[in-house]
Amino acid sequence: MTKFSDLALDPRVLQAVSEAGYETPTPIQEQAIPHALQGRDVLGIAQTGTGKTASFVLPMITLLGQGRARARMPRSLVLAPTRELAAQVAENFETYAKHTKLTKALLIGGVSFGEQDKLIDRGVDVLIATPGRLLDHFERGKLLLTGVQIMVVDEADRMLDMGFIPDIERIFQLTPFTRQTMFYSATMAPEIERITNTFLTNPAKIEVARQATASLTITQALIEVKPARKDRSFAEKRSVLRALIRAEGEACTNAIIFCNRKMDVDVVAKSLKQHGFNAAPIHGDLEQSQRMKTLDAFRDGTLHLLVASDVAARGLDIPAVSHVFNFDVPSHPEDYVHRIGRTGRAGRLGKAYTIAVPGDVKYLAAIESLVKMEIPRGVLPEGYAPDMSEGGPEKPREERGGRGGRERDRGPRGRDRDRAPKPHDEVAAMEPVVQVAKPEAAVEVAREDRKEPRAEARSEPRPESRPETRPERSEGRRDARNDRREPREDRRDAPRDAPREERRDYRRDRDLGPAVVGMGDHVPDFILRSFAIKVSASDEVEEPATGT
């Protein structure tokens with residue numbers, strides 16, 4: 001049997017590994033470390049929990065044992081998709097490089113740029129970062145990647161899912177062509193294979209297990225829930241989850257509960273707390289300090305249940321996780337492998353339960369097609385009873401006003417027709433309906449007022465009241481229409497070339513208000529003024545000469 005002492009590692013590294021309690025390497029470590037020490041590119045494909053992190057950390061510490069880093073020019077680079085995975089890699093370097101003088105820096109979001117800039121300015125041998133934060137430092141001119149000798153991309157398939165592939169390609173172009181590259185992933189998608197063919201040179205491909213397979217140390221079970229009502233499925237799944245945890249009893253020392261949505265993570269964690277469980281949420285919307293605090297509490301055993309989104313499905317190296325509960329069936333089949341891979345690590349036994357409802361049929365089919373096996377069906381735990389009291393009945397999507405909540409039969413002929421009468425409806429029915437009609441004269445006056453120019457509206461106030469000459473509305477619309485046409489007939493009777501006095505009489509008779517002040521009835525005084533030049537007798541005026 002191969003031991004770490006047979007892998008030609010640095011003695012200081014072997015001492016740290018021995019102090020950590022490890023003697024025998026895992027299959028991925030046994031095959032990858034020799035190729036990495038020779039300087040070859042490595043393409044590692046292994047399921048979660050097989051020790052991929054140590055398979056590149058140990059040879060990196062050995063290769064970087066000689067040399068010194070320059071300011072802002074790291075000697076090696078490790079890219080991770082999430083902050084938790086990057087922090088885990090940093091912890092591995094601290095564990096295995098404690099007897100060396102290698103320096104490291106962790107570049108992740110949620111931490112101030114100032115502290116990270118200080119570490120980079122002093123020079124680091126190992127730079128561990130997420131793609132986004134790394135490019136932020138580079139664009140600010142605080143980082144140079146021309147001195148990278150070893151580059152590692154961990155969880156490459158997760159990089160693809162999170163949309164980091166364009167960033168990865170750009171980072172590759174910023175590093176030297178002569179670098180040593182190591183790719184590690186649990187699955188190998190076609191896009192990942194294209195990148196490896198582009199940026200890796202004759203890599204040593206190591207595949208210790210079939211792609212997307214679960215460890216044999218994990219006992220899987222599928223719990224199918226058929227709610228009595230569709231709008232109660234979420235509450236009944238919470239009841240099933242609590243019953244499963246209670247049924248496991250002391251065997252469930254700690255557990256990770258996975259949800260598809262961040263909002264559901266908070267709801268499930270709050271529900272478990274209300275029922276006396278020691279639970280806490282973790283997802284991408286929380287502050288980095290809160291996320292690290294929650295993870296530390298889960299690692300040291302003070303936290304029993306960790307409710308997480310898929311941000312925690314990768315990179316959580318907690319060997320003692322006894323159970324994994326999939327509160328929601330993952331929409332991506334690869335996530336199922338990574339979720340249940342949080343338990344049954346390092347040869348330990350683990351259990352993984354998945355709660356499904358009838359709407360998850362297509363997701364289950366995709367998962368079973370990927371793992372090449374049928375997930376064993378389990379039974380509902382003893383003592384389970386749908387809890388209809390928790391939080392009251394959930395409102396259906398139609399009542400919540402959701403995106404697809406189109407209400408049917410709106411109006412008096414539909415929804416209101418079947419509604420039971422209420423007291424205020426009877427009172428309203430008893431009250432007489434009074435309709436106040438606006439006098440037609442006021443309508444016509446307002447209409448004529450709008451036709452007047454603004455100049456007169458500002459200079460002369462409108463009369464408070466005018467005699468009502470229009471018929472009431474009860475006489476019919478046709479009479480009112482004829483009345484509106486009367487002024488036009490009067491205009492035809494008074495020709496345009498008639499004297500102004502007649503036109504003024506016409507306006508006064510029809511009570512149309514005063515005439516417009518302007519160039520019509522009144523001529524401004526300044527126009528009537530004479531501008532003739534008076535010449536005295538003593539002045540001589542030259543007559544303009546006229547040609548003959």
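Got a number for residues in the range 360-385 being over 18 Å from THR213 (Cα atoms) and free of Cβ contacts under 8 Å to residues at least 24 places away in the same chain?
Qualifying residue count for the region: 2.
Just to be sure I understand the filter: pairs with C-beta atoms under 6 Å, separated by 6 or more residues or on different chains, first member in the range 118-133 and more than 15 Å from ASP154 (Cβ to Cβ), second member among the polar types (S, T, N, Q). Which pairs pass?
Note: pairs meeting the criteria are VAL124/THR103; ASP125/THR103.
Residue by residue, here is whether (1) closer than 16 Å to THR354 by Cβ; (2) in contact with a Gly (Cβ under 7 Å, 6 or more places away or on another chain); (3) assigned by TED's automatic domain parsing to the domain that holds ILE355; (4) not hydrophobic (A, V, I, L, M, F, W, C) holds:
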{"position": "THR253", "(1), (2), (3), (4)": "no, no, yes, yes"}
{"position": "LYS262", "(1), (2), (3), (4)": "no, yes, yes, yes"}
{"position": "ALA269", "(1), (2), (3), (4)": "no, no, yes, no"}
{"position": "LEU272", "(1), (2), (3), (4)": "no, no, yes, no"}
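Residue-wise test of (1) within 27 Å of ILE168 (Cα to Cα); (2) of a type in the set (Val, Ile, Thr); (3) touching a strand residue (DSSP E or B) at 6+ places or on another chain (Cβ under 9 Å); (4) assigned by TED's automatic domain parsing to the domain that holds TYR184.
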{"residue": "PRO11", "(1), (2), (3), (4)": "no, no, no, yes"}
{"residue": "GLN47", "(1), (2), (3), (4)": "yes, no, no, yes"}
{"residue": "ILE61", "(1), (2), (3), (4)": "yes, yes, yes, yes"}
{"residue": "GLN66", "(1), (2), (3), (4)": "no, no, no, yes"}
{"residue": "LEU107", "(1), (2), (3), (4)": "yes, no, yes, yes"}
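For the range 120-168: of the residues being touching a Ser or Thr at 6+ places or on another chain (Cβ under 8 Å) and surrounded by fewer than 16 Cβ atoms within 10 Å (Cβ to Cβ), which is modelled with the lowest pLDDT?
ARG122
Condition test on LEU244, is it among the hydrophobic types (A, V, I, L, M, F, W, C), crowded, with 18+ Cβ neighbours inside 10 Å, in contact with a helix residue (DSSP H, G or I) (Cβ under 8 Å, 6 or more places away or on another chain) and in contact (Cβ under 8 Å) with a residue 12 or more places away in the chain? Please lay out each step first, then the result.
Details: among the hydrophobic types (A, V, I, L, M, F, W, C): yes; crowded, with 18+ Cβ neighbours inside 10 Å: yes; in contact with a helix residue (DSSP H, G or I) (Cβ under 8 Å, 6 or more places away or on another chain): no; in contact (Cβ under 8 Å) with a residue 12 or more places away in the chain: yes.
No; evaluated as a whole, the condition is false for this residue.
Matching residues to (1) farther than 24 Å from LEU144 by Cα; (2) within 35 Å of the chain's Cα centre (by Cα):
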site	(1), (2)
ALA16	yes, no
LEU37	yes, no
ASP41	no, no
GLY51	yes, yes
LEU58	yes, no
ALA71	no, no
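Identify, please: which residue in the range 198-232 is at pLDDT below 90 and part of a helix (DSSP H, G or I) and is, among those, surrounded by the fewest Cβ atoms within 10 Å (Cβ to Cβ)?
Filtering the range 198-232 for residues that are at pLDDT below 90 and part of a helix (DSSP H, G or I), the one surrounded by the fewest Cβ atoms within 10 Å (Cβ to Cβ) comes out as LYS230.
Determine, yes or no, whether GLN88 is surrounded by 14 or more Cβ atoms within 10 Å (Cβ to Cβ) and without any contact (Cβ under 8 Å) to a residue 40 or more places away in the chain. Explain how you work it out, then say what you get.
Values: surrounded by 14 or more Cβ atoms within 10 Å (Cβ to Cβ): yes; without any contact (Cβ under 8 Å) to a residue 40 or more places away in the chain: no.
So GLN88 fails the test.
Of the residues in the range 253-311, how many are among the basic types (Lys, Arg) and within 16 Å of LYS237 (Cβ to Cβ)?
2
Condition check ((1) touching a helix residue (DSSP H, G or I) at 6+ places or on another chain (Cβ under 7 Å); (2) modelled with pLDDT of 90 or more; (3) outside any loop (DSSP other than H, G, I, E, B)) across all residues:
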| residue | (1), (2), (3) |
| --- | --- |
| ALA280 | yes, yes, yes |
| GLY284 | yes, no, no |
| ASP296 | no, no, yes |
| VAL307 | yes, yes, yes |
| PRO330 | yes, yes, no |
| THR343 | no, no, no |
| GLY347 | no, no, no |
| ALA352 | yes, yes, yes |
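For the range 271-293, what are the residues that are without any contact (Cβ under 8 Å) to a residue 60 or more places away in the chain, within 20 Å of ILE245 (Cα to Cα) and touching a strand residue (DSSP E or B) at 6+ places or on another chain (Cβ under 9 Å)?
Answer for the range 271-293, where residues must be without any contact (Cβ under 8 Å) to a residue 60 or more places away in the chain, within 20 Å of ILE245 (Cα to Cα) and touching a strand residue (DSSP E or B) at 6+ places or on another chain (Cβ under 9 Å): LEU272, LYS273, PHE277, ASN278, ALA279, ALA280, PRO281, ILE282.
Go through the range 63-78 and count every residue that is surrounded by fewer than 22 Cβ atoms within 10 Å (Cβ to Cβ) and closer than 19 Å to GLN38 by Cβ.
Number of matching residues: 5.
Just checking, does the range 352-361 include any residue being out of contact with any strand residue (DSSP E or B) (no Cβ under 7 Å at 6 or more places or on another chain) and farther than 22 Å from PRO381 by Cα? Can you show your working first?
Taking the range 352-361 first, the residues out of contact with any strand residue (DSSP E or B) (no Cβ under 7 Å at 6 or more places or on another chain) are 357-361.
Next, from what is left, pick out any that are farther than 22 Å from PRO381 by Cα: none.
The answer is no; no qualifying residue exists.
Out of (1) free of Cβ contacts under 8 Å to residues at least 40 places away in the same chain; (2) on the phi > 0 side of the Ramachandran plot; (3) within 28 Å of the chain's Cα centre (by Cα), the odd one out for GLU155 is which?
(1)
May I ask you to list pairs of residues, at least six apart or on different chains, whose Cβ atoms are under 9 Å apart, with the first in the range 5-25 being within 22 Å of PRO319 (Cβ to Cβ) and among the polar types (S, T, N, Q) and the second being exposed (fewer than 12 other Cβ atoms within 10 Å of the Cβ) and at pLDDT below 95?
THR24/MET1
The values are calculated or read from the model by the stated rules, or taken from the named source; none is laboratory data. Worth saying up front: this structure is predicted, and the values here are computed from it rather than measured. Positions of Cβ are backbone-derived with ideal geometry, glycine not excepted, and every protein chain shown enters the neighbour counts.
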